[in-house]
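The values are calculated or read from the model by the stated rules, or taken from the named source; none is laboratory data. Fair warning: this is a prediction, and the values are worked out from it, not measured in the lab. Cβ placement follows ideal geometry from the backbone for every residue including glycine, while neighbour counts extend to all protein chains displayed.
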Amino acid sequence: MTMIDRRSVLAGSAALLAAQAAPAATAPDTLKAAAAARGRRFGSAFAWAPPGRDAGSFANPAYAALLRRDCAVLVAENQMKWQAVRPAPDRFDFAQFDAMVDWAMGNGFAMRGHTLLWAYSKWFPAWLNGADFGARPATEAARILTQHIDTVTKRYGRKIHSYDVVNEAVDPDTGTLRETSLSRAMGGTLPVLDLAFRTARAAVPHAELVYNDYMSWEDGNEKHRAGVLSLLEAFRRRGTPVDTLGVQSHIGLFQPTTDAGVLAKRLEPEWRRFLDRVTAMGYRLIITEFDVRDRGLPAAIGPRDRGVADFARAYLDIMLSYPQLGDVLAWGLSDRYSWLRGFEPRPDGAVARGCPYDLDLNPKPLRTAMLSALATGTRRAG
Ligand code: 9MR
């Protein structure tokens with residue numbers, strides 16, 4: 001053996017030893033570390049509540065400990081919505097959201113903003129649904145919208161790096177754009193959405209501007225996915241400044257399912273076709289509201305947690321195979337405070353187990369699946 005050969009063999013075996021030793025020594029054990037290893041941030045929604053309240057709030061020390069352990073980025077579940085910050089046309093109230101931003105900044109978290117326009121009458125404040133836009137409705141509706149976006153975005157400046165500018169503008173049943181009081185006043189939904197994005201870009205040019213929706217990979221979402229693709233195409237045609245598709249990712253096992261992995265394999269090709277078309281248009285991706293609806297799984301906790309974890313792992317592996325995927329946020333860390341408890345109770349009355357931590361804030365197999373998926377995903381590009 002020549003000197004060079006020997007040296008390279010030695011170097012090779014040293015590298016091998018290091019590689020074998022590395023996982024044990026450095027395998028990330030928090031979601032934020034696993035995400036960071038691939039150039040991403042992991043985070044979660046959180047809430048405002050008065051101190052002492054048993055809530056998914058930063059003021060609840062037990063929940064704050066989970067946020068600190070696993071999250072690098074946070075988003076207010078409800079407190080930046082119009083209903084929260086704009087109780088009347090001429091009145092803003094930022095008390096709760098300010099407190100959340102202050103806490104996030106003071107504790108080293110990044111912040112996303114959700115949402116500057118939830119383009120769905122159901123979630124408009126009553127005053128906006130019933131607004132009288134006067135003699136020049138298009139002008140007045142545009143004024144109310146731009147004033148809203150300017151006021152919110154300029155108040156927080158660089159503290160918020162990414163906004164769900166528009167949320168859920170596509171009707172999932174038809175794939176067409178939803179109508180609202182604003183779209184009726186302005187002569188169509190696209191002009192409203194355009195104005196929202198243009199206003200945000202001008203007000204906070206540093207921020208990532210996201211169109212956020214829940215078109216998901218399960219059967220039955222075909223029209224919703226097609227509608228979102230048409231909207232994204234329309235944005236490109238019109239030069240609307242949209243950077244990223246927010247894939248909410250409230251994924252679900254709705255039908256009785258014995259093997260979540262088999263189901264995931266069946267759903268994968270169509271889902272990849274969707275994501276390929278989105279990224280081919282030059283959009284980036286983020287996961288904005290991840291959790292798992294478990295109605296189709298048995299109540300018994302062992303198989304249920306296994307099914308949730310397997311389904312999530314398969315889904316996240318697909319998402320994380322896209323270098324265009326940026327941050328990954330869960331819609332809450334614990335089943336205890338999840339929206340799923342109230343909005344989508346299981347028919348058998350068992351508490352939904354769609355979050356990485358259980359009712360007692362203990363980690364579940366889902367957290368382990370998320371950890372491995374994040375740690376092994378493709379490195380984020382750009
Ligand atoms: O989780 C949120 C729940 O607490 C609110 O009552 C509801 C209405 O404001 O919104 C829920 O969050 C939704 C999010 O804002 C948009 N995507 C779907 C989420 C779950 O319904």
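Determine which member of the set LEU297, LEU316, LEU361 is buried (at least 23 other Cβ atoms within 10 Å of the Cβ) and either assigned to a loop (DSSP other than H, G, I, E, B) or within 16 Å of the ligand (Cβ to nearest atom) (or both).
Working: LEU316 fails: either assigned to a loop (DSSP other than H, G, I, E, B) or within 16 Å of the ligand (Cβ to nearest atom) (or both); LEU361 fails: buried (at least 23 other Cβ atoms within 10 Å of the Cβ).
Sole residue among the options that is buried (at least 23 other Cβ atoms within 10 Å of the Cβ) and either assigned to a loop (DSSP other than H, G, I, E, B) or within 16 Å of the ligand (Cβ to nearest atom) (or both): LEU297.
Kindly list the number of the only condition in (1) more than 16 Å from the ligand (Cβ to nearest atom); (2) touching a strand residue (DSSP E or B) at 6+ places or on another chain (Cβ under 6 Å); (3) part of a loop (DSSP other than H, G, I, E, B) that fails for ILE149. Unmet condition: (3).
Condition check: away from the ligand (no atom under 16 Å from the Cβ), farther than 22 Å from PHE46 by Cα and of a type in the set (Phe, Trp, Tyr). Does PHE133 satisfy that? The answer is yes for PHE133. Residues in segment 161-189 that are more than 16 Å from the ligand (Cβ to nearest atom) and among the hydrophobic types (A, V, I, L, M, F, W, C): LEU177, LEU182, ALA185, MET186.
Taking segment 262-294 as the search range and keeping residues that are among the β-branched types (Val, Ile, Thr) and over 22 Å from GLY39 (Cβ atoms), which one is nearest to the ligand (Cβ to nearest atom)? So, considering only residues that are among the β-branched types (Val, Ile, Thr) and over 22 Å from GLY39 (Cβ atoms), the one nearest to the ligand (Cβ to nearest atom) is VAL292. Can you find even one residue in segment 347-355 that is modelled with pLDDT of 95 or more, under 26 Å from MET111 (Cβ atoms), part of a loop (DSSP other than H, G, I, E, B) and within 16 Å of the ligand (Cβ to nearest atom)? Yes: segment 347-355 contains one or more residues that are modelled with pLDDT of 95 or more, under 26 Å from MET111 (Cβ atoms), part of a loop (DSSP other than H, G, I, E, B) and within 16 Å of the ligand (Cβ to nearest atom). Screening VAL192 on (1) away from the ligand (no atom under 16 Å from the Cβ); (2) β-branched (Val, Ile, Thr); (3) assigned to a helix (DSSP H, G or I); (4) over 25 Å from GLY157 (Cβ atoms) shows it passes everything except condition (4). Among the residues of segment 89-109, is any within 13 Å of the ligand (Cβ to nearest atom) and crowded, with 16+ Cβ neighbours inside 10 Å? The answer is no; no qualifying residue exists.
Look at ALA226 and say whether it is small (Gly, Ala, Ser), touching a Gly at 6+ places or on another chain (Cβ under 6 Å) and either part of a helix (DSSP H, G or I) or free of Cβ contacts under 8 Å to residues at least 40 places away in the same chain (or both). For ALA226, the condition - small (Gly, Ala, Ser), touching a Gly at 6+ places or on another chain (Cβ under 6 Å) and either part of a helix (DSSP H, G or I) or free of Cβ contacts under 8 Å to residues at least 40 places away in the same chain (or both) - is met.
Test PRO51 against the stated conditions and say whether it is surrounded by fewer than 20 Cβ atoms within 10 Å (Cβ to Cβ) and at pLDDT below 95. Taking the combined requirement at face value, the residue satisfies it. Considering segment 219-251, the residues that are within 15 Å of the ligand (Cβ to nearest atom) and not aliphatic (A, V, I, L, M) include one that is farthest from HIS161 (Cα to Cα), namely ASN221. Starting from residues that are more than 12 Å from the ligand (Cβ to nearest atom) and either surrounded by fewer than 22 Cβ atoms within 10 Å (Cβ to Cβ) or in a loop (DSSP other than H, G, I, E, B) (or both), keep the ones in segment 39-48 and report whichever is farthest from the chain's Cα centre (by Cα). That would be GLY39. Beta carbons closer than 6 Å, at least 6 apart along the sequence or on distinct chains, pair a first residue in segment 301-329 that is touching a residue at least 60 places away in the same chain (Cβ under 8 Å) with a second that is among the small types (Gly, Ala, Ser) and assigned to a loop (DSSP other than H, G, I, E, B) for LEU320/GLY377. For ALA65, the requirement of being under 15 Å from the mean Cα position of the chain (by Cα) and either buried (at least 23 other Cβ atoms within 10 Å of the Cβ) or not basic (Lys, Arg) (or both) is not met.
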